[in-house]
């Protein structure tokens, strides 16, 4: 009997091992009408593995030049970087790439420009997966934004590779900060967790960054979907490594050190009033009152920056409207600013806790033609009300020459005994203002009083074109979601006053939803932003496959709260986790702030331009394969070298594919073996021959049958022996 039991266990163990070799990790559960799994969406390693892409560190196309691109200044880019958006990119991906460019312009000195025949450029294309080369190769290079890669943080990640950066956990000192669980890594993927000496990559004298957008997530390349391959030695960071919100503070510090950045391209000004110089702002000279530099009382929300959470900190500007006479006014003016673009967005937080008759007026003071900045133009007026909470405001400014922005406080009543106008956390960016802003107050209280499936509708907003739309907020996610601890946010169309003249269905429009990180420093904000583009494939099966983006009065249901029809919503059941909301400044003063935009991106359908063939050059290109030994991580990387001329220089072909020139264009001839073959424009996808697959499936089924038979025989033999006794 003992021998029988041992044999049974051995058979089951062999069967388990055999079948486990063909197990594919399941994707996160996605609700009906979800774009993707939101915060639970697949990361770069998972996307690339399922695309059959096998590259150095998972997403790097390595060349000899990129081996020390971060160290060798000759392989760093000059700005602006020329780019091409290939027409094989998904439409949403093109718009996401352009939005990512704006994040680089806002937070660094990195800039981009459309390609105009320069010898070096980045060619964004849709190949298998998400990947990039490292450093400026001086001959033009591809960067792939494949299916499911059209997400802001992923695009930022791949561009950082192109700028010369490797993954955070590749640092030589990483073992001081994270634990690599080698036994849990998928066989053959161990090379993705190698670390490298500081003569290969450098940390630019910055500390290890658990929050880096270049860090792997805990479950990267794992063979058991619930068991991590990398964990932080400080457990609190286990839920942070692999974040895909935005650049971390240290990401930006490294980027700006590497490229000697001293200023942003699009951030003109920002101020949280925490220093006595109030960011160079000045009091007006033609008024009869002043703004006061005030400090909050601990435990109150008098200031917005710190919400009264710190002693001897939390400053703001304050205009007293209860002790003067009606009409008293105070001017607060910025320093002189020099715009590069013709449109700016002034964002600020304000509180009006005095009389509802008080006013806050925003002006700009421009050059009068003689060089003096004195000509005044009124931009926007905010009337006081009985809501004494902090509010967010966005004011569009059109300045094409040097100017100042001006806040004018006006006292509207002399019968109040307290209160005034408060200003805090001001920023001026040369980017468009969000089209729609929805502030959900007391969100923690809402979480405590609602359950899964509870739905809150936003007001109806109008896009610049005139479409009505709204946001659906599910504080605990949709009723059918298997996940807990997540907030769902989805987009829907609303019927409106312009529907008779609008184009229906509303296709090729990008819906962008952003949950604002309210950090006072705009460059350090890590907001959660997701997008999708309306497509003809989005149909309602229950209505004879009519377009989901048809007129809402046809496909929607009536909502008396807006006196409009709202269409079926589409978006993310797990947009953001509750833990994420509480980790950063998403819920300052318990306000959840959501931006929602709906933009026509039809003009991006055709963006590709022909590449001008430069003089032939010869150099080496190395495509990194799974060669580095885990046991000897200091060995020289194995590689193969091929020499070629443009347009196969550098070769776009992966996995042993051969680049050939046909009609002046590079084409890949993919390799094939007895068991596997490669397909795709760059031979990036690995496929298994049908006959081999049949053998494997048949073998697996045979193994199951054989095992069951063995167990059955053993069972009978055991019963027979027992009866004989």
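Before moving on, here are some points about what is shown:
- Checking residue 305 against (1) in the same structural domain as residue 416 (by TED's automatic domain parsing); (2) in a strand (DSSP E or B), the condition it does not meet: (2)
- On inspection, residue 135 does not qualify as at pLDDT below 95 and in contact with a strand residue (DSSP E or B) (Cβ under 6 Å, 6 or more places away or on another chain).
- Positions within the range 207-248 being loosely packed, with under 15 Cβ neighbours inside 10 Å and under 17 Å from residue 174 (Cα atoms), in sequence order: 207, 233, 234, 235, 236
- Residue in the range 536-555 that is closer than 18 Å to residue 244 by Cα, touching a residue at least 40 places away in the same chain (Cβ under 8 Å) and crowded, with 20+ Cβ neighbours inside 10 Å present: no
- In the range 391-421, the qualifying residues are those that are part of a strand (DSSP E or B) and over 19 Å from residue 317 (Cα atoms), and the one that is nearest to the chain's Cα centre (by Cα) is 396.
- Checking residue 98 against (1) at pLDDT 95 or above; (2) in a loop (DSSP other than H, G, I, E, B); (3) under 23 Å from residue 256 (Cβ atoms), the condition it does not meet: (2)
- Among residues of the range 281-306 that are buried (at least 16 other Cβ atoms within 10 Å of the Cβ), those with a beta-carbon under 6 Å from a residue that is assigned to a loop (DSSP other than H, G, I, E, B) and modelled with pLDDT of 95 or more at least six positions away or on a different chain give the pairs 281/334; 304/390; 305/272; 305/520.
- Taken as a whole, the structure leaves residue 178 outside the set of residues that are under 23 Å from the mean Cα position of the chain (by Cα), within 28 Å of residue 528 (Cα to Cα) and in contact (Cβ under 8 Å) with a residue 60 or more places away in the chain.
- Number of the exception - residue 425 against (1) in a loop (DSSP other than H, G, I, E, B); (2) in the same structural domain as residue 349 (by TED's automatic domain parsing): (1)
- Residues that are surrounded by 13 or more Cβ atoms within 10 Å (Cβ to Cβ) and part of a loop (DSSP other than H, G, I, E, B) within the range 249-280 comprise 259, 261, 264, 265, 266, 272, 273, 274, listed in sequence order.
- Within the range 450-476, the set of residues being assigned to a strand (DSSP E or B), in contact (Cβ under 8 Å) with a residue 60 or more places away in the chain and more than 16 Å from residue 576 (Cβ to Cβ) comprises 457, 461, 468, 469, 470.
The values are calculated or read from the model by the stated rules, or taken from the named source; none is laboratory data. Quantities reported herein were computed from a predicted structural model and do not represent experimental measurements. All Cβ positions, even for glycine, are placed from backbone atoms using ideal geometry, and neighbour counts span all protein chains on display.
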